[in-house]
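What follows is a set of notes on a single structure, which appears directly below.
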């Protein structure tokens, strides 16, 4: 049984079925602080507990007594359902245990005015039908803070996370901005839209170690488009690192700053980067004069795999760089296309898998300025195989 779930009814069957004497039936629980049973056999979960004996006692009119029993365990539900108007911050921070899935209903919206502390492993999942739930961020600084629990897994699924400030000050925003010693097993964004964070997705300082960071089937818009020198994955100091980065089936529109950036003094080591089936438009954009990087992991001997990508347009006039990794890094590229207005130096290692589309992003996409990156030029050799599948 689930704690807080629906009651369950036990039934007592008298055999043989043609038994004619009158009987009395009683029910009892060995521990009614865990499971209560009423005299109609209805079980109610009171607390978490295992293997509680629930017994039925049948007494015939001539005094014969028969018993039967079963064992009942009560577990805590892993799902927490919110309703429109519920306070997401309060629910997340007051959970008595971790490993929960918080389910947001269609049309739900919550505004963050102070960082939400994530207590530990947790999934925040939006309804799969109707209007996608939205988490609005109306503050400077980060939206969420990391748990102290080592090895936590944090997943956002089918939600929008949008900074809604009309005027973006220079420090208005990371989704995460941890500074300290944290050990996170995995952060995943699945089927999400994330937009308008002026400083980007995550900034890591001191000793932040993330084993896996996953972006899958997401739209990322207007990230990192303010002053500063921040990356979508921005590893700034100490032994911080994202060991394994996976970006799949996703679109980056007006991606400001770097994509993956390890500052020069960082000692943390990246192990792998996989970017597949994704589309980039107006990438590596910055309002200042700092050079921007698509991948910069310093001396990390990373295993880097790029496949089925469209790199369409670097927007402004600053220097754009594609790649810096350790001498022992491995690099492979398959079906990766750049438009004529994707302009870079410090390019990817030479690979037959990187090809040029002889035209601009405007020639290739239907309406890129307004976020429609469907393929317009159907003569493009990668039309059916490259980029985010939603646009093919």
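Read the figures in this text as sums done on the coordinates, not as results from a lab. Bear in mind the structure is a predicted one, so any value in this text is a computation, not a measurement. Don't worry about glycine lacking a Cβ; one is built from the backbone with ideal geometry, like all the others, and counts go over all protein chains shown.
Take the alpha-carbon centre of region 295-370, take the same for region 188-206, and report the distance between them in whole Å.
What the calculation gives is 21 Å, centre to centre.
Could you work out the relative contact order of region 2-76, using alpha carbon pairs under 8 angstrom and six or more residues apart, expressed as a whole percent? Spell out each step's value before the answer.
On the way: 147 pairs, mean separation 25.5, N = 75.
Computed value for region 2-76: 34 percent relative contact order.
Looking at [x] 80, 25, 23; [y] 55, 22, 20; [z] 42, 23, 21, which value of semi-axes √(5λ) of the Cα gyration tensor in Å comes from a calculation on the structure shown?
Matching entry in [x] 80, 25, 23; [y] 55, 22, 20; [z] 42, 23, 21: [y].
Express in % the proportion of alpha carbon pairs of region 167-391 at distances exceeding 28 Å. Write down the numbers at each step before the final one.
On the way: 5505 of 25200 pairs.
Summing the P(r) tail past 28 Å for region 167-391 gives 22 percent.
Kindly work out what percent of the DSSP beta bridges joining two residues of the chain are antiparallel, to the nearest 5. Write out the running numbers ahead of the final one.
Details: 23 of 127 bridges.
That works out to approximately 20 percent antiparallel.
Taking Cα pairs under 8 Å and at least six residues apart, what relative contact order does region 167-391 come out at, in percent?
Values: 702 pairs, mean separation 31.4, N = 225.
After rounding, I find 14 percent.
For the chain, with a Gaussian network of springs between Cα atoms less than 10 Å apart, report the residue from 225, 249, 356 with the top mean-square fluctuation.
The residue that fluctuates most here is 356.
Tell me, what is the percent relative contact order of the chain, built from C-alpha pairs under 8 Å that lie six or more residues apart? Don't skip to the answer; put the middle values down first.
Values: 1149 pairs, mean separation 29.9, N = 392.
That works out to 8 percent.
Would you kindly calculate the translational diffusion coefficient of region 2-76, applying Stokes-Einstein with the Kirkwood radius from alpha carbon pairs, for 25 °C and a viscosity of 0.890 mPa s, and quote it in µm² s⁻¹ without decimals? Can you show the working numbers first?
On the way: Rh = 13.2 Å.
Roughly 186 µm²/s, to the nearest whole number.
Kindly provide the pair-distance distribution of region 41-134 built from C-alpha pairs, with 5 Å bins from 0 and whole-percent values in order of increasing distance.
Bins of 5 Å from zero give 3, 10, 16, 15, 12, 9, 8, 7, 5, 5, 4, 3, 2, 1, 0 percent of pairs.
So what's the Cα pair-distance distribution over region 206-281, bin width 10 Å, in %?
The percentages, shortest bin first, are 20, 47, 31, 2.
What are the semi-axes of the equivalent ellipsoid of region 297-381, taken as the square roots of 5 times the eigenvalues of the Cα gyration tensor, listed largest first and rounded to whole Å?
Numbers: eigenvalues 135, 45, 21 Å².
Whole-Å semi-axes of the equivalent ellipsoid: 26, 15, 10.
Based on the Cβ-Cβ distance of residue 55 and residue 106, what FRET efficiency does E = 1/(1 + (r/R0)^6) give at R0 = 41 Å, to the nearest 0.05?
Working: r = 45 Å, r/R0 = 1.09.
That pair, residue 55 with residue 106, gives E of 0.40.
Quick one: Cα convex hull volume of region 149-295, Å³ per residue? Provide the component values of the computation, followed by the final result.
Values: hull volume 14.1 nm³, N = 147.
It comes to 96 Å³ per residue, whole-number rounded.
With N set to the residue count of region 266-309, report its C-alpha Rg divided by 2.2 N^0.38 Å to two decimal places. Working shown, then result.
Values: Rg = 12.8 Å, N = 44, 2.2 N^0.38 = 9.3 Å.
Rg over 2.2 N^0.38 Å, computed on Cα atoms: 1.38.
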